[in-house]
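The values are calculated or read from the model by the stated rules, or taken from the named source; none is laboratory data. Just so it is clear, the structure is predicted and the values come from calculations on it, not from any experiment. We place every Cβ from the backbone using ideal geometry, glycine too, and count neighbours over all the protein chains shown.
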Amino acid sequence: MQNSSAHQIVPNSSGTEPPRLKAPANAADCHIHIYDPRFPPPVAKPSNATVDDYRLLQKRLGVTRVVIVQPRNYATDNSVTVDAVRQLGIENARGVAVVRPPVADAELKSLDEGGIRGIRFTVANPATAVVSTDMIEPLAKRVAGLGWHVQLNMPAEKIVEHADMLRRLPAQIVFDHMGQFPLPAGLAHPAYGVIRSLVDRGRAWVKISGAYLNTRIGPPTYADATTIAQAYVRAAPERLVWGSDWPHPSPPVKPDDAVLFDLLAAWAPDEATRNRILVTNPETLYGFPKSA
């Protein structure tokens, strides 16, 4: 019997029904953002994207672990993300920060103690970007010793342009939202080959998330995004994690998170593979406690 809380309205999410797919114990949502009015960002975003709001989504989906990704809007003030990890508990929450090269070693150590396990680079638009591509390699060298990864929200053409640099990085790489290849090229775009080569060498991971960022077809099947996700699952299920991307800052019409979660049934039809993506892989990548 579903808990009545599963039918509550969740801010920044369409629909109220729970997913048909049952989440396994210790399932992790590996990509969300928190916008908290106690930490007003320089660029306004929803005030109803707090930890308490996200807990409603956790109940609806049945996930218990989470990775909070610092939004670009907060620049390099990671307070909101570290605070969210603290609220949710470091046993079940991790964070990904945004920093620039002058960051002090003491700050990196403090962030590590606060549950940060990676740094993110959003470099699509230089006019609004907080960091730049030329910062990736020097910062990767700084954080590799902490066991952190480098998370890239990078246009596909830049992935191709900077492929040699990416291959040199001493830290693991995590590609946001399946690489976001231009459509209709999709898997035919050369960025897929770059990502696959890094994944196949054990140097990179991919978030199979953001179906609405990889589609021209849309819900409920997101068929073109499904084709991309299925290719990754066939190739390297051991290098994938899943994320909701709540509170969905890009699309003006918020998606139904239950529909997004249920896509996993098509993306990874085998239950053992889904459990690997939702539980085992996040334990490896983010250092969550190992499931019994």
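Which residues, taken from the stretch 87-114, are touching a helix residue (DSSP H, G or I) at 6+ places or on another chain (Cβ under 9 Å) and more than 21 Å from residue 149 (Cβ to Cβ)? Matches in the stretch 87-114: 87 only. Considering every residue within the stretch 279-292, establish whether at least one is over 24 Å from residue 69 (Cα atoms), free of Cβ contacts under 8 Å to residues at least 12 places away in the same chain and either in contact with a helix residue (DSSP H, G or I) (Cβ under 8 Å, 6 or more places away or on another chain) or outside any helix (DSSP H, G or I) (or both). Taking every residue of the stretch 279-292 in turn, at least one turns out to be over 24 Å from residue 69 (Cα atoms), free of Cβ contacts under 8 Å to residues at least 12 places away in the same chain and either in contact with a helix residue (DSSP H, G or I) (Cβ under 8 Å, 6 or more places away or on another chain) or outside any helix (DSSP H, G or I) (or both).
Taken residue by residue, the stretch 56-63 has at least one member that is in a loop (DSSP other than H, G, I, E, B) and surrounded by 15 or more Cβ atoms within 10 Å (Cβ to Cβ). Answer yes or no as to whether residue 128 is surrounded by 14 or more Cβ atoms within 10 Å (Cβ to Cβ), hydroxyl-bearing (Ser, Thr, Tyr) and either at positive phi or part of a loop (DSSP other than H, G, I, E, B) (or both). Against the criterion (surrounded by 14 or more Cβ atoms within 10 Å (Cβ to Cβ), hydroxyl-bearing (Ser, Thr, Tyr) and either at positive phi or part of a loop (DSSP other than H, G, I, E, B) (or both)), residue 128 does not qualify. Restricting attention to the stretch 96-112, the residues being closer than 16 Å to residue 141 by Cβ and either at pLDDT below 95 or in a loop (DSSP other than H, G, I, E, B) (or both) number 6.
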